[in-house]
Amino acid sequence: MLAPTTFFHDKVVLVTGSSDGIGRAAVVMFASAGARVTVTGRSAEKLAITKQQCIAAGAKEEQILEIGGDVTDKNFIERLVNETVGKFGRLDVLVNNAGAKTFDFSGKKGIEIPIDNFDSTMDLNVRSVILISQLAIPHLEKTKGAIVNVSSIVAFPFVIAQPYYPLSKSCLDQLTVQMAGTLIRKGIRVNSVNPGAIRTNFSHAAGMAEETAKKFYDSLDESLPSGKCGTPEDIAKIIFFLTDRTQSEIIIGQRIAADGGTVLFNQGLSAGV
């Protein structure tokens, strides 16, 4: 249970990729705390569900801005920030949650996977974060706001068959550090949360069949040190904490691994423990 807070009352929060999963859980949590929120994603149907969940959590309809679109589109990113500030008059929190692993079906592995897969992965997981953050900074400076980048534990040293996703998340972690170091002088705090296995629609959205995705997560439950995958709400609580200045003002430029012990366990194996 989070400590009671009124910090987010009337604050303005923009969460990318908030039509499902971690983004949805986060934006609903902010809405329940009295924040005015922008929900955004590519699926109008899923955005409508997110909006209804925000209302069910206590938000009024006028406290929610719903904008559908693709964050890899620079024009859409400009619209997203401009309409958020235009409607609510300010911006206090930016959560860069939109991201994905694009499965490649060329039959290639590792660095032999076609460069187009690299380009699309970096566009979504890194370039879009830079673009929206650049646009948000002037507004966050006015409010002494916060940015949380949603990364992944694959940013840590893991070797997997499709390397461009972990490469993009390692890049995002370095971006978090660079942003934090420069933006704290403007009063803006930047951190990242690096989830491990979380039961979301992520694998299904990336091309895995729904039943296959379920079996995948079930098998992970058994293999994780904690004995279970995390939930979107688990990560939302960390995002909520990192953006509440009254709770986490001293935390700047950090990567918070939220993985049920996965990294610790794998490091132990590597060390022969």
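The values are calculated or read from the model by the stated rules, or taken from the named source; none is laboratory data. Small disclaimer: the values here were computed from a predicted structure and weren't measured. Virtual Cβ from ideal backbone geometry, glycine too; neighbours counted across all protein chains shown.
Among the candidates Glu211, Glu141, single out the residue that is modelled with pLDDT under 95, surrounded by fewer than 18 Cβ atoms within 10 Å (Cβ to Cβ) and of a type in the set (Asp, Glu).
Glu211
Check whether at least one residue in the range 83-102 is of a type outside the set (Phe, Trp, Tyr), touching an Asp or Glu at 6+ places or on another chain (Cβ under 8 Å), outside any helix (DSSP H, G or I) and touching a residue at least 12 places away in the same chain (Cβ under 8 Å), and report yes or no.
no
Would you mind finding the one in Leu131, Leu80 that is touching a helix residue (DSSP H, G or I) at 6+ places or on another chain (Cβ under 6 Å) and either surrounded by fewer than 18 Cβ atoms within 10 Å (Cβ to Cβ) or modelled with pLDDT of 95 or more (or both)?
Leu131
Select from the range 1-39 the residues that are among the polar types (S, T, N, Q) and at pLDDT 95 or above and write down the one among them that is farthest from the chain's Cα centre (by Cα).
First, pick out the residues of the range 1-39 that are among the polar types (S, T, N, Q): 5-6, 16, 18-19, 32, 38.
Then drop every residue that is not at pLDDT 95 or above, which leaves 16, 18-19, 32, 38.
Working: Thr16: 7, Ser18: 9, Ser19: 12, Ser32: 19, Thr38: 14 Å.
That would be Ser32.
Please determine, by comparing only the residues of the range 1-55 that are aliphatic (A, V, I, L, M) and part of a loop (DSSP other than H, G, I, E, B), which one is farthest from Ile198 (Cα to Cα).
For the range 1-55, the residue satisfying everything is Ala35.
Of all residues being part of a loop (DSSP other than H, G, I, E, B) and at pLDDT 95 or above in the range 171-208, which is nearest to the chain's Cα centre (by Cα)? Just the residue, please.
Ile188
Do we find that Phe105 is modelled with pLDDT under 95 and aromatic (Phe, Trp, Tyr) in this structure? So that I can check it myself, show each step before the final result.
Details: modelled with pLDDT under 95: yes; aromatic (Phe, Trp, Tyr): yes.
Judged against the criteria, Phe105 is a match.
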